[in-house]
Amino acid sequence: MAESHRKALNGTNRETIRTGLSEESIRAAFLDNLFYLQGRFPEVATLNDQYKALAYTVRDRLLHRWVATTRAYQKANPRTVCYLSAEYLPGPFLGNNLLNLGIEEPTRRALAGLGIELDALLEHEEEPGLGNGGLGRLAACFMDSLATLQVPAIGYGIRYEFGIFDQVIRDGGQVETTDNWLRFGNPWEVRRPAIAYDVRIGGYTEQTTDAQGRFGVRWVPNEVFNGIAVDTAILGHGVNTVNLLRLWTAEAAEGFDFHAFNRGDYYGAVVREVRSETISKVLYPNDEPEIGKRLRLLQQYFFVTCSLQDMIRIHRTTGQPLDKFHEKFSVQLNDTHPAIAVAELMRLLVDEHQMGWDAAWEVTRHTFAYTNHTLLPEALEKWPIPLFQNVLPRHLEIIYEINARFLDEVRLRHPFDTARVQRMSIIDEAPPRFVRMAHLACVGSFAINGVAELHSRLLKETVLRDFFELWPEKFQNKTNGVTPRRFVMLSNPGLSRLLTRTLGAGWARDPSQLRVLERHADDAAFQQEWREVKRSRKEALAARILDRCNVSIDPDSLFDVQAKRIHEYKRQHLNVLHIVTLYNRIKFNPGLDITPRTFIFGGKAAPGYAMAKLMIRLINAVADVVNRDPDVAGRLRVVFLPNFSVKLGHGLYPAADLSEQLSTAGKEASGTGNMKFSMNGALTIGTLDGANVEIREEVGADNFFLFGLTAEEVVRTLAEGYRPWDIYNANLELKGVIDLIASGHFSHGDRTVFQPLVDHLVWHDNYLLLADYAGYIACQEQAGLTYRDSRQWTRMSILNVARMGKFSSDRTIAEYCRDIWRAEPMAVDV
Ligand code: Z16
């Protein structure tokens, strides 16, 4: 913590019930909050009362830093990063804020003095599940790093009333239930009713003429509602910077529609109010776009217009003219979800602020930068024109104008190349015609980046190739990272203590210092401590699994973990083929000496993705049979941990020995779970995909279990007419595994259950599981043997942690600041 900060907070003149950081101050504040905010006294307080009293106690301690930061920003008027993201997965706040404030120990003691256990309150917190997976969690890591690096930033998004569904496993399959995360209130948010903007929808446009005879356009909407700001403080680690996560919630424009009321339509007015509030009601639970879902388009436009109007308001308080907007703000588009911002900023500047088109375009194209997160063609967002026209008629006109000018540029560069013009157009002419959001994002941005080296290269060679040929200078790579505060310090305090004792405390802000660990990699005493840390996390996870899933697992077995969204390209079913392979080997050879393993899965499937749901069924079905079979007891266990979340991740990453990163090469843009596992000392078994490539480069090929085709080989294999049926017939062990699944062995004799999955594998297998099967099994065998050599395994584990410094999101953010945002750190004093 900055020394000035400690002084200011501990100085007697400043220490109040809302700022003091000592055990006594925290205890007094806790009791005060319990009484005055909850109306409770200790004897009758529920766990939730206690949790909230503590959360308010911690929030108070953030608040004056928040105010100090706002003041400092107002005074210095620094260049500010605005991160536009439809998703954020920040995880629970309490522990992270305690960590970043440096008051976990006094808080623990303060509560213990009242007979309350801090861990029980930490466990009670419900996390905001405002995202689907990697993309939302990346946004949260970026917010953490921006604050820690003291870079002025605002994260803009949507305050979904219901986040990602809760996953329950019933009869082996996924059942979705609503995530009512706000049920008990959210102590971290501050609602700002005064920060509200109009959001218009639908209607038509008409030409206008002003007093000077100039033409303009008026958009006459048929619905208007409001977006209200709801703010959450994001404190950096060991600094005073508190940045803003500003999420928008939708409300009716007036609480009461007098016009309707006068017509006697009171009921209709209330219904309209309810309808407007549905805009921020629920997160779409897909990691791929929902083509043609009107509400999803409304959500995107809703948060984008509120955010841009907010930036314009802030910019006007600086007294600078709007043609300097891009000097104040750099706006990052997190995927294409906010890409409508390109047209919306044009509309705001041209229609609402009377700027000429060319001047407005200069501002716009210097404001935005676009991050792409996928190469999967089905994941590229496009909106049917009839829908778009209906919801955003003015924006469609603006997009046509942007497109016309852009295509002129393409024609100038490539005369006679009409195919290219069609390929690059923002409009896809195939009926009913679509707006291609990635093209809009590319045309309106000064920088375009992928999220790992391989992904950025493939972007330039495949989906965005034409754009790369037109504007090579726009293309960059920014390899993803994760915050070591949440994913090492907070999740793995035992490892953190060992690291700090060995290296000093600097590693969390400067993880390149972890390299010093290399010296200890073969030190027997250090190795012993290392294993004890891992062992304790495995025991804790085993206890949790016994409690939640009623399965007992052996902490001495190899914990082999795959936690991520369920997707065919991520190939959880390849993992299952390995499990069934081992199962068969033991069945055929009961005395077989193999490394005992516990396979742990976690992850949600999109509710409409039938094959992913079938994969969950398969995992649970195999678990059911394997865990009950006495022949394999003590050697194989399989667990599906339901409802994977950031919070569950805290318990999972530190307990893993082996991290499964199995995506078909060329399909996973980056992956970030791969980084969290390795930073906690798990070894990776993986393909040359996404950030795996760079992880392997950093930790060294000897410390990584590599298998599988390369991205180039994948393309070639498919082009040459891939025949999985032949592989199935040529590999007897593989055939045995697939036949066993097909036979109904794992489905109570019912051969139909897994037939779609089996048929798909042997006849199509677009993700090349069968092509990679033999290599994967051999590689797993190697991993199992290595695990038995505990000195070798521990050495590899230590070297992984020592060499993972590159994957701190601080490094990623520093690169964005330098190469894209041109943003500088600005220290805040209190
Ligand atoms: C998402 O989480 C990602 C991509 C996407 O198109 C949509 C969603 Cl919701 C993920 C990528 O799959 C993953 O490889 C990457 O690490 C992550 O975004 C963050 O960049």
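The values are calculated or read from the model by the stated rules, or taken from the named source; none is laboratory data. Note that the structure is predicted; figures quoted are calculated from it, not measured. Methodologically, a virtual Cβ is constructed for each residue, glycine included, from the backbone with ideal geometry; neighbour enumeration extends over all protein chains shown. For the accessible areas, the whole protein counts, side chains as well, though only heavy atoms, and no ligand, DNA or RNA atoms are used. Shrake-Rupley method; radii C 1.70, N 1.55, O 1.52, S 1.80 Å.
Structure values in brief
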| item | result |
| --- | --- |
| Rg/Rh for the chain, where both radii come from Cα atoms and Rh is the Kirkwood radius | 0.97 |
| Difference of contour (0.36 nm per residue) and Cα-Cα distance, Ala525 to Val190 | 115.7 nm |
| Estimated 222 nm signal from helices in the chain, with DSSP H stretches of n ≥ 4 weighted -39500 (n - 2.57), rounded to 500 | -14000 deg cm²/dmol |
| Residue list for the stretch 360-398, given a label point 7 angstrom along the Cα-to-Cβ vector of Gln320 and an amide N cut-off under 19 Å | 360-369 |
| Contour excess over end-to-end distance, with Cα ends at Phe41 and Thr752 and 0.36 nm allotted per residue | 250.1 nm |
| Surrounding net charge for Asp765, when Lys and Arg each add one and Asp and Glu each subtract one, Cβ distance under 13 Å | -2 |
| Per-selection Kirkwood Rh - the stretch 25-162 (Cα, Å, 1 d.p.) | 16.6 |
| Selection of GluC sites (Glu not before Pro), the stretch 705-780, meeting DSSP coil and at most 16 other Cβ within 10 Å | Glu720 |
| Alpha-carbon spread of the stretch 132-173, three principal axes, descending order, Å | 49, 19, 12 |
| The chain: relative contact order in percent, alpha carbon pairs under 8 Å with at least 6 residues between | 13 |
| Two-decimal Rg/Rh across the stretch 523-805, once Rg and the Kirkwood Rh are taken from alpha-carbon atoms | 0.94 |
| Distance in nm between pseudo-label sites at Arg18 and Tyr204 (7 Å out along the Cβ direction from Cα) | 5.3 |
| Val220 accessible area, 1.4 Å probe, all protein chains in place, Å² to nearest 10 | 40 |
| Accessible area in square angstrom per residue, the chain, 1.4 angstrom probe | 38 |
| Distance between modelled label sites at Ala633 and Thr70, nm, 7 Å Cα→Cβ extension | 6.2 |
| Alpha carbon centroid spacing (whole Å) that separates the stretch 631-662 from the stretch 496-514 | 27 |
| Those residues of the stretch 768-787 whose amide nitrogen sits under 18 Å from the label point placed on Asn589, 7 Å along Cα→Cβ | 774-787 |
| Alpha-carbon centroid distance for the pair the stretch 549-609 / the stretch 409-440, whole angstrom | 46 |
| Computed accessible area, Thr752, all protein chains, 1.4 angstrom probe, square angstrom | 90 |
| Modelled label reach - Arg548, point 7 Å along Cα→Cβ, the stretch 64-101 residues with backbone N closer than 14 Å | 92 |
| Under-5 Å amide H pairs with Ser808, H placed in peptide plane, nonlocal only | Val482 |
| Per principal axis, descending, Cα span of the stretch 406-459 in whole Å | 34, 28, 19 |
| Spherically averaged projected area in nm², based on the convex hull that wraps the Cα atoms of the stretch 84-216 | 15.3 |
| Relative contact order (%) - criterion: Cα under 8 Å, at least six apart; region: the stretch 616-734 | 18 |
| Thr500 paired with Gln782, simple spin-label distance in nm, labels 7 Å along Cα-to-beta-carbon | 3.8 |
| Sites Arg294 and Arg716, calculated FRET efficiency, Cβ-Cβ separation with R0 41 Å, nearest 0.05 | 0.50 |
| Residue-span extension gain [Glu277 to Leu63] - 0.36 nm each, minus C-alpha spacing | 74.1 nm |
| Per-residue SASA entry for Leu732, accessible area with 1.4 Å probe, Å² rounded to 10 | 140 |
| Long pairs among Lys328/Lys478; Lys478/Lys570; Lys293/Lys382, criterion Cα-Cα beyond 18 Å | Lys328/Lys478; Lys478/Lys570 |
| Cα centroid of the stretch 519-534 to Cα centroid of the stretch 355-391, whole Å | 52 |
| Taking the stretch 523-805 and dividing mean pair separation by its residue count, relative contact order in percent (alpha carbons under 8 Å, at least six apart) | 21 |
